[in-house]
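No lab work stands behind these numbers, since they all come straight from the coordinates. Predicted model only: the values in this text are computed from it and were never measured. Here Cβ is always computed from backbone atoms with ideal geometry, including for glycine, and neighbour counts include all displayed protein chains.
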Amino acid sequence: MTRIRRGNGVVFLGILVGSLAACAELPTGTELQLRLRESISSFGTERGTTVIAEVISPVEVNGTIVVPLGARVPGYIEDVRRVGMGLVRESASIHLIFDRLELSKSSSLPIQGEIREIDNARETIDAKGRILGIRATASFSSILSGVAISAASLDPMLLAFGLSSSLSAFRIPESEIFLPAGTELHFRLTEPLKIDAQFPAPPALTGNLDTPLGDFVKSLPFRTATQATDAPSDLTNLVFLGSRDAVERAFDAAGWSQTDARNARSYYGTMRAVVENQGYREAPMSVLLLNGAAPEFTYAKTLNTFFKRHHLRIFGQPQTAYGLPVWTSSSTHDSGIGFATGQKTFIHIIDENIDDERDKVANDLLLTGCVEAVAMVDRPWVPRDAFNSTGDALKTDGRAAVLKFNACTTPVRADAPEAPERVRDRPFLTQRVARNTLLTLRNDLLRGNLIYQGFEGTRMAIKSVRKSATPTATRSITLGGQPFEIVPGVQARTSKLAPDDRYDRRPTFQPSPSLPVTYQTFLEFSVSGGYLHFGNQRFSTQRLNATIQAEGIGTLAVPVDAVNSLRNGWNLAANITFNAHRHFSHELGFTLNKTQVKVSLENSLIPPGIVKTDAQIRQFHYALLFHPLPNGARLRPFLAFGSGIQLIRTVESAQSSNSLLKFSFKELNALYSAYRFGGDPPFEGGGIFQPTLHYGGGIKYHWTRRIVLRADYRETLSRQPDFWTKSYPSLVAADIGDGSKLTPGPLQTYGLLRQQRASVGIGVTF
């Protein structure tokens with residue numbers, strides 16, 4: 001029987017098997033791992049366009065390679081459907097067909113098959129092999145933005161804050177499909193393929209090594225451990241022999257990216273990648289140690305999602321081999337995101353077949369031309385059924401792939417297109433804004449109604465009950481357009497090594513010294529409240545000239561001064577802060593101030609009359625914050641300066657014994673008057689819109705790394721509000737009886753309106 005090995009298998013045999021049958025057959029279901037040699041896009045690629053891919057994992061039969069690395073696989077675009085402006089469809093699709101396998105320049109075979117997966121991508125494949133794009137409005141960012149904007153639409157100032165905050169903090173993901181050169185595909189044969197060819201394996205690693213290769217590999221540590229708890233975790237499965245520069249150049253050419261350090265910016269990038277359903281190629285990894293040492297390099301490879309990625313950690317070793325530095329590495333494939341019920345947190349779930357990832361890394365490096373020799377070394381002392389620190393199984397044959405690098409001065413890049421790029425990946429900015437607006441409106445209309453929400457809730461409840469009744473079914477939920485698997489989150493388990501092996505011992509871990517605690521943040525959400533004071537409470541005086549017809553006296557002119565003042569009150573504020581620089585931050589804020597307007601009618605002949613009415617001052621502002629202490633300090637005082645807009649309006653007290661009706665009346669009146677944008681007189685339910693100047697200072701203190709306490713003192717300057725001028729026509733037309741008339745006089749104001757706020761609050765940082 002012919003034995004087929006497919007997928008990510010790397011063949012490391014130096015001697016070909018001469019008894020191979022003349023013709024080998026690859027059965028239906030055989031997978032070819034392919035890499036695109038050019039970019040394709042649902043927006044810019046036309047139907048009928050030719051596409052070239054290459055084989056990135058050899059296929060062997062009976063120990064002999066029959067499909068080599070680098071074999072070309074031509075194809076074409078059979079159908080493409082773009083989102084466009086979002087009027088017809090919400091998601092894109094591409095039907096990509098591969099119909100030839102070119103083993104060499106003179107050997108070409110027809111093939112039949114279909115794409116079954118795009119490696120580490122958010123796109124999915126349907127039953128017909130078509131590539132399906134995401135629905136952008138299913139992402140967390142779209143959902144959160146929609147909720148925030150809907151809630152904020154009751155007030156224009158709050159709406160300005162909601163819009164600017166959501167657009168600044170999170171983006172709507174791109175709706176069109178874009179697969180750049182270097183994208184990796186899983187292609188499955190749907191018909192058997194007969195091949196009459198064989199190809200040599202990579203050069204075997206031999207030559208001048210001081211000790212046998214097996215003994216040399218035995219001297220290397222093979223089990224990593226967590227930094228905090230020293231729990232055993234991933235197994236090492238790769239050994240590199242080469243200079244630091246050669247290793248870096250090879251991985252860069254192979255399409256791998258060095259990951260970012262774990263800090264505020266990378267935590268924020270990770271959060272955005274999850275919320276926006278976007279990729280984050282340099283997303284940080286958790287810290288694992290090997291014999292107490294942190295990795296020298298951490299590399300990852302993904303396309304456009306945070307949920308799946310290839311990743312590895314490379315550790316430096318004190319030994320040398322062939323006169324070259326030695327590096328050892330642990331490699332695994334994050335195949336999804338899960339919620340660990342044991343740890344109550346989200347974790348990456350890894351593919352338990354870690355040998356596939358070992359072979360994947362080796363194949364990628366071989367294709368760069370930077371590897372001159374390879375070997376596979378048996379390690380019988382390595383456990384075959386270990387578990388990592390989060391409880392994921394690690395299944396392996398125990399072997400390590402040893403790769404010897406050359407200087408790698410002119411590597412072959414995985415992302416280099418075969419021909420000049422001829423596609424545009426997405427529309428222009430103006431088109432994207434218009435399209436995203438239409439998609440959002442369409443989504444709200446189709447899915448934001450009670451009927452759809454009720455149906456969807458019922459469907460999810462029934463689905464949950466059915467899964468609970470089936471113990472063998474994998475528990476999962478779909479959030480933001482991506483699946484999350486529910487896992488038990490068991491603690492790591494260990495395996496006993498063979499008792500007769502002299503390496504039957506655990507490495508002596510020497511935990512590295514603890515790093516200084518940093519309170520560095522990139523994004524902060526906070527709420528605060530406090531006391532509201534006015535620096536000049538008397539803000540204006542309106543002269544009212546009353547002409548009264550008095551019996552026996554005739555016409556009498558009575559001047560009355562309406563003295564206007566604002567009483568102290570309270571405030572509530574919501575802020576979002578972007579700590580984009582070492583000493584500077586950007587703050588967007590919304591503040592609701594509650595106060596009271598008092599009008600005193602004063603005349604020398606009569607006692608004063610006093611009228612009071614509740615008032616609100618709603619503000620939206622931007623401020624630039626300067627911090628004397630750098631980002632990362634636990635205590636951070638700051639100075640703030642910026643500008644904004646505000647809406648001042650009076651609030652009539654509705655006469656109703658029903659508190660709910662009273663509140664509803666006031667809010668509907670507020671909504672109506674707010675969006676009149678100053679069209680109605682303030683004393684008749686209207687509002688006053690004004691630009692403002694905003695300044696002040698405060699202090700922030702990190703209670704924990706994620707919780708911050710804050711105290712603020714802010715002052716807002718604006719023109720004195722004019723409550724009277726728009727009411728002049730009503731005053732003149734007022735009938736005050738007996739032929740008397742009311743004529744408005746001059747309005748006197750007293751400097752600028754100074755609003756002073758002292759508040760305390762709490763925030764969450766990322």
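What to note about this one:
- Between the amide H of residue 100 and those of 111, distances stay under 5 Å, these residues lying 5 or more places away or on another chain, with hydrogens modeled in the peptide plane.
- Model label sites at residue 219 and residue 245, defined 7 Å from Cα along the beta-carbon direction, differ in position by 2.7 nm.
- Förster-model FRET efficiency, 25 Å R0, residue 568 and residue 706, C-beta, rounded to 0.05: 0.15
- Net charge, residue 137 excluded, C-beta distance under 15 Å - Lys, Arg +1, Asp, Glu -1: +2
- Gain in span if fully extended, residue 547 to residue 748, counting 0.36 nm per residue against the direct Cα distance: 70.3 nm
- The simple Förster model, with R0 at 56 Å and r as the Cβ-Cβ distance, assigns residue 728 and residue 462 a FRET efficiency of 0.30.
- Phi angles across region 454-463 convert, under the Karplus curve 6.51 cos²θ - 1.76 cosθ + 1.60 with θ = phi - 60°, into 3J(HN,Hα) values of x, 4, 5, x, 5, 4, 5, 5, 4, 4 Hz, Gly and Pro given as x.
- Projected label distance in nm at residue 416 and residue 79, using a 7 Å step from Cα toward the beta-carbon: 3.7 nm
- A Förster radius of 30 Å combined with the Cβ-Cβ distance from residue 124 to residue 286 puts the calculated FRET efficiency at roughly 0.60.
- Listed by Cβ neighbour count within 10 Å, with the fewest neighbours leading, 588, 69, 601 appear as 601, 69, 588.
- Once you reduce region 387-409 and region 524-539 to the center of their Cα atoms, the two points are 60 Å from each other.
- Under-5 Å amide H pairs with residue 237, H placed in peptide plane, nonlocal only: 329, 330, 331
- Taking the Cα centre of region 222-405 as origin and assigning +1 to Lys and Arg Cβ atoms and -1 to Asp and Glu Cβ atoms, the resulting dipole is close to 300 debye.
- Separation of the residue 393 and residue 88 label points, Cα + 7 Å toward Cβ, nm: 4.7 nm
- With 0.36 nm allotted per residue and the present C-alpha distance subtracted, the residue 428-residue 527 stretch has 32.0 nm of extension available.
- Extended-chain gain in nm, criterion 0.36 nm per residue less alpha-carbon gap, residue 381 and residue 108: 93.8 nm
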